[in-house]
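The next block holds one structure in the form of structure tokens; read it before the comments.
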Amino acid sequence: MGKLVIVDHPLIDHKLKIIRDETTGTKDFRQAVNEVGGLMAYEVTRDLPTKEVRVKTPICETTSRVLAKEVVIVPILRAGIGMVDGIHNLIPIAKIGHIGMYRDEETLVPNEYYAKFPEEMPESAVLLVDPMIATGGSVVMAIDAIKKRGAKDIRLVGLVAAPEGVKRINEEHPDVDIYVAALDEKLNDVGYIVPGLGDCGDRLFGTK
Ligand code: PRP
Ligand code: URA
């Protein structure tokens, strides 16, 4: 079974309070979500392979290490976009794919409306990004789509997860490790995470 890592850091705790707070405005919300993305990227990429290369410093030639694997960041639109810059700032060589999904408000079943990925998916570490893991339906469908493009090393980067969503992802994609900033209590009867942070897409982009 994939591991669940709750990334534990005082700065993440501090920023998560800002994100959860209903009085936080769009600008501060977007900034904090991006910053948590960057802090999480450090942990998510901890075991990426590196290889030895030669480098000439201003003083002499020496050996150094660089990433041995390509990295592709794949946000689930819309809310996933909120964490991309924070992660990309740390891994500027990463390519970015996109997958668009929205949940039917009644059935909570996701619909895929857009997908565009770089060619390097099979040999890359793919960081699938969605701040909200509620029923887990969107992530499961996105992983299906990514696997169809040949991806084998997939890591999920979330912000807040409900236990129901984590269970479903573990059952359907046991090879995918899940990294989140918080594991919340439950889903409410309209499929929102409790205590959660409300509608992440709307808070990021000022809609509704
Ligand atoms: C939200 C959120 C996740 C999804 C999680 O997207 O951003 O992608 O719901 O729910 P699930 O785990 O039950 O699938 P939404 O459908 O609201 O679209 P949006 O990001 O465009 O607002
Ligand atoms: N999507 C959100 O934006 N928030 C939730 O609580 C659940 C799904």
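The values are calculated or read from the model by the stated rules, or taken from the named source; none is laboratory data. Note that the structure is predicted; figures quoted are calculated from it, not measured. Here the Cβ is made from the backbone with ideal geometry for all residues, glycine too, and neighbour counts use every protein chain on show.
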Completion exercise
The condition of being under 30 Å from Ala68 (Cα atoms) and out of contact with any Gly (no Cβ under 7 Å at 6 or more places or on another chain) holds, among Ile178, Ile146, only for Ile146
Practice task
Could you check, for segment 92-103, whether at least one of its residues is assigned to a strand (DSSP E or B), in contact with a Leu (Cβ under 7 Å, 6 or more places away or on another chain), over 27 Å from Lys167 (Cα atoms) and more than 16 Å from ligand 2 (Cβ to nearest atom)?
Solution key: no
Completion exercise
Counting only helices (runs of 4 or more DSSP H) wholly inside segment 136-208, the ones holding at least 1 residues that are hydroxyl-bearing (Ser, Thr, Tyr) are 137-148
Exercise for the section: Could you please find all residues in segment 190-208 being more than 10 Å from ligand 1 (Cβ to nearest atom) and either modelled with pLDDT under 95 or under 18 Å from Asn34 (Cβ atoms) (or both)? Expected result: Leu197, Gly198, Gly206
Handout entry: Residue in segment 110-129 that is outside any strand (DSSP E or B), within 16 Å of ligand 2 (Cβ to nearest atom) and touching a residue at least 24 places away in the same chain (Cβ under 8 Å) present
Key = no
Handout entry: In segment 71-109, the residues that are free of Cβ contacts under 8 Å to residues at least 12 places away in the same chain and among the β-branched types (Val, Ile, Thr)
Key = Thr107
Completion exercise
Considering only strands (runs of 3 or more DSSP E) wholly within segment 15-82, the ones with at least 3 residues that are at pLDDT 95 or above, more than 15 Å from ligand 1 (Cβ to nearest atom) and surrounded by fewer than 16 Cβ atoms within 10 Å (Cβ to Cβ) are 50-56, 61-67
Exercise for the section: Read through the list (1) surrounded by fewer than 22 Cβ atoms within 10 Å (Cβ to Cβ); (2) within 16 Å of the chain's Cα centre (by Cα); (3) not aliphatic (A, V, I, L, M), then give the number of the only condition that Gly165 fails. Expected result: (1)
Fill in the blank from the handout: Checked segment 127-156 for anything under 13 Å from His173 (Cα atoms) and hydroxyl-bearing (Ser, Thr, Tyr); matches are Ser138
Exercise for the section: Only one of these is within 11 Å of ligand 2 (Cβ to nearest atom), closer than 14 Å to Gly137 by Cα and surrounded by 18 or more Cβ atoms within 10 Å (Cβ to Cβ): Leu187, Leu204. Name it. Expected result: Leu187
